[in-house]
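Chemist: My structure is below; once you've seen it, I'll send some questions.
The values are calculated or read from the model by the stated rules, or taken from the named source; none is laboratory data. Fair warning: this is a prediction, and the values are worked out from it, not measured in the lab. Counting neighbours? That spans all protein chains shown, and the Cβs are built from the backbone with ideal geometry, glycine included. When the accessible area is computed, the model is the full protein with side chains, heavy atoms only, and any ligands, DNA or RNA have been set aside. Shrake-Rupley method; radii C 1.70, N 1.55, O 1.52, S 1.80 Å.
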Amino acid sequence: MTPPLLEIRDLHVSFGGAPAVRGVDLIVTPGERIAVVGASGSGKSTLAHAVLGLLPGSGRVTGGRIRWCGTDIAHARERQLRPLRGRAIGLVPQDPMSNLNPVTRIGAQVAETLVAQRICVPREARQRAVELLGRVGIPDPARRARQYPHEFSGGMRQRVLIAIALAGRPRLLIADEPTSALDVTVQRQILDSLTDLTRDLGTALLLVTHDLGLAAERADRVVVMSEGRIVESGPAREVLTEPHHDYTRRLVAAAPAVTAGRPAPGVVPASGVATAAGATTLPTVPILEVRGLRKVYRLRGRRTKVAAVDDVSFTVGRGRTTAIVGESGSGKTTVARLVLGLVAPTAGSIHLGGVDLGGLGGAGRRAARRAMQPVFQDPYASLDPMWTVARLIAEPLRAFGIGDRQARLDRVAELLEQVALPESVARRHPSELSGGQRQRVAIARALAVDPPLIVCDEPVSALDVLVQDQILTLLSRLQQRLGLSLLFISHDLAVVRALAHEVVVMRDGRVVEAGPADRIFTAPADPYTRGLLDAIPGATVLG
């Protein structure tokens, strides 16, 4: 019998006396791929960090054993753990911006890892860094190596972290949500690279993820955690297609790859338009009409120009959802910024409720901004951490001079009820809320001034499947109750299928296909769209 690489027995981890991991047993053998799944707060990331002695703050291992190749490292000192990190056990952390130095070039950061681990000397490290960047799918890696993290997209920054983790060719790779910021095709590319490493080098993979489709497709074995305990484990396909525990069944039921085949709650059939009363009427003038939109940027330090958005046209019907999908760099977020007036178009027109926004100024532009409100990808970054929830939600009311102090407080209470948050949340700060709660606050804030159009830019990409399902259900119900129109930007086609009425597929700044969601997902006309659908992780397993 092959001895295990990693053996965890009866592990307990606490933060300041509060238990986070409770009596966990786990064995990882050479070359094995294990996925640890669960909702936010289930203890899966804490388990992974405990292996490397990287528990934050007051986190402590309070019981049990962590054996690496037979040696117990549960209470090892820093000098004992340092040689293991990188060379023996690699780590791909979840948040690229907090794990990359913002004032050091990307190539230098990868090369620094190679030198620190004594893999090669500084001169060789620079060339090796470029090779690693190319291996994880970064285009033109020699040029990109000279750039800084802020010049990379979120997906590209995540790829840099993967390159750093692979630099030492570790025997075990711990990947903590390694593809949560990536679109489906880049995600497949990265996961294919990780799979190749596992096969070629015999490297084991411990994949921490909330994406059950990814777990089903990429893992040999799945471990399901809830409230710090393992509630179910076994072969990936078996656990995720025939779950025994109620919690596992809830996770599987909430996975977009499963729910994509049925209408989301409150979504009106394609033949009608939602109204505030829940009735349907024949379509009228669309709330948003975009025609021939174009945005050209000049590359820094060059005379070259690039069209981030090129001749894009689409509409958003009243009470309906139009989704824009595509890979990172396809131009979909730029379209959202153009619609919101955060950047000016080079050419084309944007009509809101039949009014051309290009000719507006002063009061007209102010009214247009009131009529469309954004919900961004990262609520923690878009909500002022120093403000209470009540002040955050009331800010648009103050900005547009709506109501007095008491009226605004009453409106805050009403909005919290609409997004299913208790009134007590009003006194808290963003840091005191979960990711799902923060996103609900962002939605309440967007609804404050009763806009007919909400622009959602990747609003659920960082959330686990249970919270993601709650937010999508909330948006659908609000759409039905209030007659909201949604422009929904996403790289997750399974999520889009559960919510959208119309879909616009973008690639390299242009629209390659557009039409009703049912037609796009069941009979896509463009090979690019078919490729995006084929890349949805786990759709065939969970669907």
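Chemist: Exactly one condition in (1) open to solvent by 10 Å² or more (accessible area, probe 1.4 Å); (2) within 22 Å of Pro537 (Cα to Cα); (3) at pLDDT 90 or above is not met by Leu173; state its number.
Modeler: (1)
Chemist: Given the residues Val503, Val511, which is the only one that is open to solvent by less than 20 Å² (accessible area, probe 1.4 Å) and closer than 19 Å to Gly331 by Cβ?
Modeler: Val503
Chemist: Look through the range 5-48, keep the residues that are open to solvent by less than 40 Å² (accessible area, probe 1.4 Å) and assigned to a loop (DSSP other than H, G, I, E, B), and return whichever of them is nearest to Glu232 (Cα to Cα).
Modeler: The qualifying residue nearest to Glu232 (Cα to Cα) is Gly38.
Chemist: Leu182 fails exactly one of the following numbered conditions: (1) at pLDDT 85 or above; (2) assigned to a loop (DSSP other than H, G, I, E, B). What is the number of that condition?
Modeler: Result: Leu182 passes all but (1).
Chemist: Any residue at all in the range 457-470 that's more than 15 Å from the chain's Cα centre (by Cα), open to solvent by less than 10 Å² (accessible area, probe 1.4 Å) and more than 25 Å from Leu352 (Cβ to Cβ)?
Modeler: No; the residues of the range 457-470 include none that is more than 15 Å from the chain's Cα centre (by Cα), open to solvent by less than 10 Å² (accessible area, probe 1.4 Å) and more than 25 Å from Leu352 (Cβ to Cβ).
Chemist: Output the residue which, of all residues in the range 354-411 that are modelled with pLDDT of 90 or more and polar (S, T, N, Q), is farthest from Glu423 (Cα to Cα).
Modeler: This residue is Gln373.
Chemist: Quick one: in the range 430-456, which of the residues that are among the polar types (S, T, N, Q) and open to solvent by 10 Å² or more (accessible area, probe 1.4 Å) is nearest to Ala407 (Cα to Cα)?
Modeler: Top of the filtered list is Gln437.
Chemist: Between a first residue in the range 20-46 that is under 24 Å from Asp469 (Cα atoms) and a second residue that is hydroxyl-bearing (Ser, Thr, Tyr) and assigned to a loop (DSSP other than H, G, I, E, B), which pairs have beta carbons less than 8 Å apart while being 6 or more apart in sequence or on different chains?
Modeler: Ser40/Ser434; Gly41/Ser434
Chemist: Could I ask something else about it? Could you please find all residues in the range 176-192 being of a type in the set (Asp, Glu) and open to solvent by less than 10 Å² (accessible area, probe 1.4 Å)?
Modeler: Within the range 176-192, Asp176, Asp183 qualify.
Chemist: Of the residues that make up the range 279-296, is at least one touching a Leu at 6+ places or on another chain (Cβ under 8 Å), more than 13 Å from Arg510 (Cβ to Cβ), modelled with pLDDT under 95 and part of a strand (DSSP E or B)?
Modeler: No.
Chemist: Consider the range 475-496. How many of its residues are in a helix (DSSP H, G or I) and open to solvent by 20 Å² or more (accessible area, probe 1.4 Å)?
Modeler: Looking only at that region, the number is 4.
Chemist: Within the range 305-380, which strands (runs of 3 or more DSSP E) (wholly inside it) include 2 or more residues that are open to solvent by less than 10 Å² (accessible area, probe 1.4 Å)?
Modeler: 305-316, 321-325, 372-375
Chemist: Can you name every residue in the range 381-407 that is in a helix (DSSP H, G or I) and either open to solvent by less than 50 Å² (accessible area, probe 1.4 Å) or of a type in the set (Phe, Trp, Tyr) (or both)?
Modeler: Those that are in a helix (DSSP H, G or I) and either open to solvent by less than 50 Å² (accessible area, probe 1.4 Å) or of a type in the set (Phe, Trp, Tyr) (or both): Ser382, Val389, Ala390, Leu392, Ile393, Ala394, Pro396, Leu397, Ala407.
Chemist: Taking the range 246-256, which residues are closer than 17 Å to Ala35 by Cα and either modelled with pLDDT under 80 or assigned to a loop (DSSP other than H, G, I, E, B) (or both)?
Modeler: Matches in the range 246-256: Ala255 only.
Chemist: List every residue pair whose Cβ atoms sit under 7 Å apart, with the two residues 6 or more apart in sequence or on different chains, where the first one lies in the range 405-419 and is touching a residue at least 24 places away in the same chain (Cβ under 8 Å) and the second, anywhere, is in a helix (DSSP H, G or I) and open to solvent by 50 Å² or more (accessible area, probe 1.4 Å).
Modeler: Leu416/Glu423
Chemist: Give the range 420-456 a look and list any residue that's within 17 Å of the chain's Cα centre (by Cα) and touching a residue at least 40 places away in the same chain (Cβ under 8 Å), or say none.
Modeler: Of everything in the range 420-456, those that are within 17 Å of the chain's Cα centre (by Cα) and touching a residue at least 40 places away in the same chain (Cβ under 8 Å) turn out to be Ser434, Gly435, Gly436, Arg438, Gln439, Ala442, Ile443, Val455, Cys456.
Chemist: Here's a check for you: in the range 60-99, which residue that is free of Cβ contacts under 8 Å to residues at least 24 places away in the same chain and part of a loop (DSSP other than H, G, I, E, B) is most open to solvent (accessible area, probe 1.4 Å)? Spell out how you get there, then give the answer.
Modeler: Residues of the range 60-99 that are free of Cβ contacts under 8 Å to residues at least 24 places away in the same chain, as a first pass: 71-73, 75-77, 79-80, 82-83, 95, 98.
Cutting the leftovers down to part of a loop (DSSP other than H, G, I, E, B) gives us 73, 75-77, 82-83, 95, 98.
Details: Ile73: 16, His75: 128, Ala76: 27, Arg77: 158, Arg82: 141, Pro83: 85, Asp95: 75, Ser98: 82 Å².
Once the filter is applied, the top-ranked residue is Arg77.
Chemist: Exactly one of these conditions fails for Arg159: (1) in contact (Cβ under 8 Å) with a residue 40 or more places away in the chain; (2) buried (at least 22 other Cβ atoms within 10 Å of the Cβ); (3) within 15 Å of the chain's Cα centre (by Cα); (4) in a helix (DSSP H, G or I). Give me its number.
Modeler: Exception for Arg159: condition (1).
Chemist: If a residue has to be more than 27 Å from Val306 (Cα to Cα) and touching a residue at least 12 places away in the same chain (Cβ under 8 Å) to count, how many in the range 353-365 make the cut?
Modeler: Counting residues in the range 353-365 that are more than 27 Å from Val306 (Cα to Cα) and touching a residue at least 12 places away in the same chain (Cβ under 8 Å) gives 4.
Chemist: Out of the range 199-232, which residues are among the hydroxyl-bearing types (Ser, Thr, Tyr) and either surrounded by fewer than 17 Cβ atoms within 10 Å (Cβ to Cβ) or closer than 16 Å to Arg250 by Cβ (or both)?
Modeler: Answer for the range 199-232, where residues must be among the hydroxyl-bearing types (Ser, Thr, Tyr) and either surrounded by fewer than 17 Cβ atoms within 10 Å (Cβ to Cβ) or closer than 16 Å to Arg250 by Cβ (or both): just Ser226.
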